[in-house]
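Student: What follows is a single structure, and I will ask about it in a moment.
Bear in mind that the values in this text are calculations on the coordinates, not laboratory data. Keep in mind it's a predicted model, so treat the numbers as computed, not measured. Here Cβ is always computed from backbone atoms with ideal geometry, including for glycine, and neighbour counts include all displayed protein chains.
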Amino acid sequence: MEPDRLHTLTRRVLFAPLDETRRTETVADRLRTAITLGVLSSGEQLPNEVDLARQFNVSPVTLRDALQMLREQGLVRTTRGRQGGTFVAPLQEAGQRYLEDSLRGLSSIEIRDLTDWACAVSGHAAALAAERASDHSRRVLAEIIQTMTTTSDAAPFRRAESRLLIELAVASQSTRLSAAAVELQVHFAPIKTLAYAEPATRTLVATCLSNAVGAVEKNKGLVAQQSVVEAAAAVGDELLTLRNALVLATQGADL
Amino acid sequence: MSGRAAEVDQHMVDVVQEINLAVATIFDQLQPLATTTVAVLGDHTLDDELANALHRALEQPCRDVLATIDTPITGVGFVADIDRTGPIGAWMLWWIRSGAAIKQKQHVLNRESDSFYDYSNAQWFREARHGTAPFITSPYIDAWGTDSLTMTASIPVFTGGTFLGVVAADLKTENFCDQLIRILQRGEDITIVDHEDRVIASSIPVLTPGIPIRGFLRRSSQTVGDRHPCAYAEWSAVRFNPSPNS
């Protein structure tokens, strides 16, 4: 498989120059997503502040503020001295807390809307992939399914699933669907890790996506679409249930 | 079903009462605006002078409604009956909250425009006009107004037997429904649905506001059990039972 191509595509979206206001928030969001997606891996040193600021097209002050937000959330840590710099903190606890905060911060309607959008993008990508996928794409898809069915952890499962959904869009030969699939991965994929902590959800999604890839192999567009939509809907339901539990726990703590 | 429906339990009755109260709180904020509108307009046909007078009279109270802490209301104002506005045509006075600021919103009220906001066909206008009672819509995408998932509460404005228009408020669905969901979460599972069994709010997380319950019933092999009517817009509170043939 070709992780580098996806890697690069994701990097390009995450590190695209910014020209909007709310820059600090946006820079922090991008870096946070890069960390939770594993594009910046645990322990990795971030580029120096001047270079990173230039890449985002923001002032060094804006970048410093964004890094400060990430430090407060425990996602990065900065050391001083000759060997100093800003490093990605070990993801486990800080990452889990950040993901739970993100999920709690979404309304149930937003989760449904994201799920609907994911179904539209990935579902139609799968339908087109069944007609248009190259032999190379089919091979890549089969390899990713192999990874998904053998992994027993939420994070690598989610990474493989993201790759599969992007590869399906790539196989559809549609640039807009591919861009939408990458964008979805950047903004929606991190919290999916929470849903995949549940082994039953992983099994269901792996089965559905395996059916989808099988259908792409046999040029059955409608089946491919249905299977992808079924997987996305299952994840959406699991996220709604988890969010509800998190909100109830918070309310309980308030009383 | 008739036998079971008769034995609605006290918990259901209590929940419905609280839901009614939450909705009534919205209408209570609209009622003074309607009273002011009647006092200014009387039964005269709207002209520029009256329009300016109403603008002056409604601006501060509308701003106050929007400035209320934690209110789900994002927009509020008076919308005139098109038949009574004479040469002015469609006319409304509307204020919205946008971030921390409150400002007047101008809708496109020119019939020749593609983006003409034809409110006389909007459900919140028609239902208040013909039902003559307070009305609240289910969540809908307000493509000509707020562009987002909205609920609109409206009350008709009459002077004597003459219909002047409606006073209405847009609610941010997430905020208002969350308020209702918190009421529902205090006991066993109850879902509030509208007249066509679409979800308004539910303690069951996958039943998000706006979707019909039939897909959920099919997937989970359940049927509607107890049903208890709410006070407004033909909403009801329902419980689900396992399907007899599952």
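Student: Quick one: putting +1 on the C-beta of Lys and Arg, -1 on the C-beta of Asp and Glu, what dipole do you get for chain B around its Cα centre, in Debye to the nearest 20?
Tutor: 440
Student: Give, as a single signed number, the net charge of other residues whose beta carbon lies under 14 Å from the beta carbon of B:Q29, with Lys and Arg counted +1 and Asp and Glu -1.
Tutor: So the surrounding residues net to -2.
Student: Which value, in debye to the nearest 20, gives the size of the charge dipole of the range A:154-197 about its Cα centre, when Lys and Arg are +1 and Asp and Glu are -1 at the Cβ?
Tutor: 60
Student: Ignoring trypsin sites (Lys or Arg not before Pro) that are buried or in helix or strand per DSSP, and keeping those with at most 12 other beta carbon atoms within 10 Å, what is the longest stretch of chain B between them?
Tutor: Between exposed loop sites, the widest span is B:1-110.
Student: May I pose another question? I need the phi-derived Karplus couplings for the range B:223-229: 6.51 cos²θ - 1.76 cosθ + 1.60, θ = phi - 60°, integer Hz, Gly and Pro marked x.
Tutor: Ordered by residue, 3J(HN,Hα) equals 10, 6, x, 4, 9, 10, x Hz.
Student: How about the range B:6-57: which GluC sites (Glu not before Pro) there are in a DSSP loop, with at most 13 other Cβ atoms within 10 Å of their Cβ?
Tutor: B:E7
Student: For A:L128, A:L209, what ranking results if the residue with the fewest other Cβ atoms within 10 Å of its Cβ goes first?
Tutor: Listed from fewest to most nearby Cβ atoms, that is A:L128, A:L209.
Student: Using only C-alpha atoms and all pairs of different ones, pull out the Kirkwood radius for the protein assembly as shown in Å with one decimal.
Tutor: For the protein assembly as shown, inverting the mean 1/r across all distinct Cα pairs yields 25.9 Å.
Student: Can you sort B:H55, B:H107, B:H130 by how many other beta carbons sit within 10 Å, fewest first?
Tutor: Taking fewest neighbouring Cβ atoms as first place, the list is B:H130, B:H55, B:H107.
Student: Show which lysines lie in cross-link reach of A:K218 when reach means a straight Cα distance below 18 angstrom and same-chain residues fewer than eight apart are skipped.
Tutor: Within reach: none.
Student: So how strong a dipole does the range B:28-142 carry about its Cα centre when Lys and Arg Cβ are +1 and Asp and Glu Cβ are -1, to the nearest 20 debye?
Tutor: So the dipole magnitude of the range B:28-142 works out to roughly 240 debye.
Student: Where does the longest stretch of chain A lie that holds no trypsin sites (Lys or Arg not before Pro) found in a DSSP loop with 16 or fewer other Cβ atoms within 10 Å?
Tutor: Counting at most 16 other Cβ atoms within 10 Å as exposed, the longest clean stretch of chain A is A:83-217.
Student: Here is a follow-up. Using Cα positions and a limit of under 26 Å, work out the lysines in reach of A:K220, with same-chain residues fewer than 8 apart set aside.
Tutor: none
Student: Of B:A90, B:T35, B:V23, which is farthest on the positive side of the dipole of chain B, counting Cα position, with +1 on Lys and Arg Cβ, -1 on Asp and Glu Cβ, and the Cα centre as origin?
Tutor: Farthest along the dipole direction, towards plus: B:V23.
Student: So how far, in whole Å, is the C-alpha centre of the range A:211-244 from the one of the range B:133-212?
Tutor: Cα centroid of the range A:211-244 versus Cα centroid of the range B:133-212: 31 Å apart.
Student: Also: Along the charge dipole of chain B, Cβ charges K/R +1 and D/E -1, which of B:A168, B:T71, B:P139 sits furthest on the positive end?
Tutor: Value computed over the given set: B:P139.
Student: Next question. Which one, B:G99, B:A128, B:L207, projects farthest toward the positive side of the charge dipole computed for the range B:98-246 from Cβ point charges (K/R +1, D/E -1)?
Tutor: Projecting each Cα onto the dipole axis, the largest value belongs to B:L207.
Student: Okay, moving on. Defining a contact as two alpha carbons under 8 Å apart and six or more residues distant in sequence, what relative contact order in percent does chain B show?
Tutor: Averaging sequence separation for qualifying contacts and normalising by length gives 19 percent for chain B.
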